[in-house]
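Student: Below are the structure tokens for one structure; questions will follow.
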Amino acid sequence: MNNTELVKLNQKYGIRDQLEFKEIFEGFIIADIRNPHAEATVALHGGHIMSFKPRDHEPVLWLSRNSHFKAGKAVRGGVPVCWPWFADHPTDPDKPAHGFVRTAIWSVSESETLKDESTRLKLFISDSEETMKLWPHRFRLEMDCTVSDILRIKLISTNMDNTPFTCGGALHSYFNISSISNILIKGLEGCPYIDKVAQGRRKVQDGCVSVKGETDRIYLDTTADCIIEDSGMHRRIGISKNGSRTTVVWNPWIDKARKMKDFGNDEYKRMVCVETTNADTDVIPLAPGSTHTLESIIRPESLN
Ligand code: TA6
């Protein structure tokens, strides 16, 4: 995007003293949001919420100090949008993990200040010659986020084609924590899950989730709210959801962290992913013209 286009973007969707589009790295455009409730940044690259910090709170989302901010690479941290499939492509290992929209450039469709002075921003991406090579369907995908003292994110998939298709995906949220040894995740007790660290074996969650090693689990058949309780930060982060029957919990731990170039060796101690997903069998069949909304509502609460 050149400077004239950036000026036009701000003229059309900028909001005085609340939302400004900025180029923070070459060709990497973000919406910088600041309102009485919170600060947040959203990148057009991937339709990616990169940060969210309510007033009087530590940042809620985690972002790697080694993250890429360039074409073709996903941002490591924040809320990556995985779509139209979650994790590896079901049949073609050559296709990108977590789909193709997290490395594509999205467009802006709407911005507004709501009555309570929160900020709403809507981005979208639709099919192109490029996307059709990876996935032969016509679609429109919208990311509709509202920033207040809570972060509300809707991912709206619409089938623009004249044949049905099935899609999966995730709001793959990375949360900022005091230390991985200080947290408990509540809401998944008694839930069946696929343990990807144990060759996909099926298990049942016994009590709260605590992370003591590499963790990569798809919790099945759950619409429950989750809570990350952080004794070190004296806070809890509530994650409620709609349009989703699976939740993923991920931490790469030591070895995987070392192998990832866009992830600091010790950073596994300060993040955990609790993801709102349509994963495994929880994929969504969409008839022509129909729509599915995957929603995640992130609510930090101080325990002081
Ligand atoms: O959501 C968990 C997961 O699917 C893990 O298997 C791990 O690969 C993680 O996503 C990160 O994936 P990425 O492609 O961003 O490196």
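The values are calculated or read from the model by the stated rules, or taken from the named source; none is laboratory data. In this text the structure is predicted, and so the values were computed from the model without any measurement. For neighbour counting, all protein chains shown are included, and Cβ atoms are generated from backbone atoms with ideal geometry for every residue, glycine included. Only protein heavy atoms, including side chains, enter the accessible area calculation; ligands, DNA and RNA are left aside. Shrake-Rupley method; radii C 1.70, N 1.55, O 1.52, S 1.80 Å.
Student: Provide the per residue accessible area, probe 1.4 Å, for region 83-158, rounded to a whole number of square angstrom.
Tutor: Heavy-atom SASA per residue in region 83-158 reads 46 Å².
Student: When the helices in the chain are scored as -39500 (n - 2.57) per DSSP H run of 4 or longer and the sum is shared across all residues, what 222 nm value do you end up with, to the nearest 500 deg cm²/dmol?
Tutor: Computed ellipticity for the chain at 222 nm equals -2000 deg cm²/dmol.
Student: How large is the dipole of the chain about the Cα centre if only Lys and Arg carry +1 and Asp and Glu carry -1, each at its Cβ, rounded to the nearest 20 debye?
Tutor: The dipole magnitude comes to about 360 debye.
Student: Continuing with this model, one more query. Hey, for a label at Arg258 modelled as a point 7 Å past Cα toward Cβ, could you say which residues of region 203-231 have their backbone N under 14 Å away?
Tutor: 214
Student: Assigning unit charges at the beta carbon (Lys, Arg +1; Asp, Glu -1) and nothing else, what dipole magnitude in debye, to the nearest 20, does region 7-164 show about its Cα centre?
Tutor: 120 debye
Student: Which one of Glu129, Glu23, Glu112 has the biggest mean-square fluctuation once the chain is modelled by GNM with Cα springs under 10 Å?
Tutor: Result for the chain, Cα springs under 10 Å: Glu129 fluctuates most.
Student: Further question: Would you mind computing, in nm to one decimal, how far apart the modelled labels at Phe25 and Leu134 are, each placed 7 Å from Cα along Cα→Cβ?
Tutor: 1.8 nm
Student: Leaving ligands, DNA and RNA out of it, work out the accessible area of Glu301 with a 1.4 Å probe and give it in Å² to the nearest 10.
Tutor: Result for Glu301: roughly 90 Å² accessible.
Student: How far apart, in nanometres, would the label points at Gln11 and Thr166 be if each is projected 7 angstrom from Cα along the Cα-to-Cβ direction?
Tutor: Between Gln11 and Thr166, the label points sit 4.8 nm apart.
Student: Can you find, among Ala224, Leu303, Phe139, the residue farthest towards the positive end of the dipole of the chain? Put +1 on the C-beta of Lys and Arg, -1 on that of Asp and Glu.
Tutor: Highest projection toward the positive end goes to Leu303.
Student: Can you sort Asp127, Asp116 by solvent-accessible area, 1.4 Å probe, largest first?
Tutor: Asp116, Asp127
Student: If you don't mind, there's one more thing I want to ask. Computing the accessible area with a 1.4 Å probe over protein heavy atoms, can you report the carbon and sulfur percentage for the chain?
Tutor: About 48 percent, which is the carbon plus sulfur part of the accessible surface.
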